[in-house]
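Colleague: Here it is, the structure, as structure tokens.
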Amino acid sequence: TGAERLAIVRRHLDLALDLNKDWKPKGSRRNKGWTMETHAVARLRGMLVAYTNGIPGATDFRRSLNDLETVEAALAGLSRVFERAHEAQPPRGYREELDCEETCAA
């Protein structure tokens with residue numbers, strides 16, 4: 001469900017914040033004004049795309065990823081996307097039930 005997905009993403013972002021708590025910006029101009037939180041969110045952009053894979057209407061959120069600077073902004077965008085999680089298409093190759101004869105061959 002969307003709520004379950006949001007809980008997983010929240011946990012993932014919390015772990016990223018914890019891992020990046022000692023991060024300090026280097027001398028490059030690109031991340032000069034970044035905070036530790038901005039850095040953590042930026043490092044997870046690809047993962048945030050994956051969390052929205054297959055959900056209709058997620059394109060606008062994906063386009064806004066480069067502008068996200070806080071965990072709360074990421075979660076707000078994701079909660080809007082996950083409202084439509086029930087419409088998501090399963091990943092390519094996913095099967096709900098496996099046929100034991102096919103997968104459990106001796």
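The values are calculated or read from the model by the stated rules, or taken from the named source; none is laboratory data. Predicted model only: the values in this text are computed from it and were never measured. For neighbour counting, all protein chains shown are included, and Cβ atoms are generated from backbone atoms with ideal geometry for every residue, glycine included. SASA here: full protein model, heavy atoms, side chains in, ligands and nucleic acids out. Shrake-Rupley method; radii C 1.70, N 1.55, O 1.52, S 1.80 Å.
Colleague: When the solvent-accessible surface of protein heavy atoms is calculated with a 1.4 angstrom probe, in what order do LEU44, LEU13 fall, highest first?
Modeller: Output order, biggest surface exposure first: LEU44, LEU13.
Colleague: Report the calculated FRET efficiency for SER64 and ARG84 (r = Cβ-Cβ distance, R0 = 22 Å), to the nearest 0.05. Don't skip to the end; give the middle numbers.
Modeller: On the way: r = 16 Å, r/R0 = 0.73.
E between SER64 and ARG84, to the nearest 0.05, is 0.85.
Colleague: Which order, highest average first, do 47-54, 16-23 follow once you tally other Cβ atoms within 10 Å for each residue and take the mean per peptide?
Modeller: In descending order of packing, they fall as 47-54, 16-23.
Colleague: How would you order 61-69, 34-42 from highest to lowest mean count of nearby Cβ atoms within 10 Å? Write out the running numbers ahead of the final one.
Modeller: Details: 61-69: 14.2, 34-42: 18.6.
Per-residue Cβ counts within 10 Å, averaged per peptide and sorted highest first, yield 34-42, 61-69.
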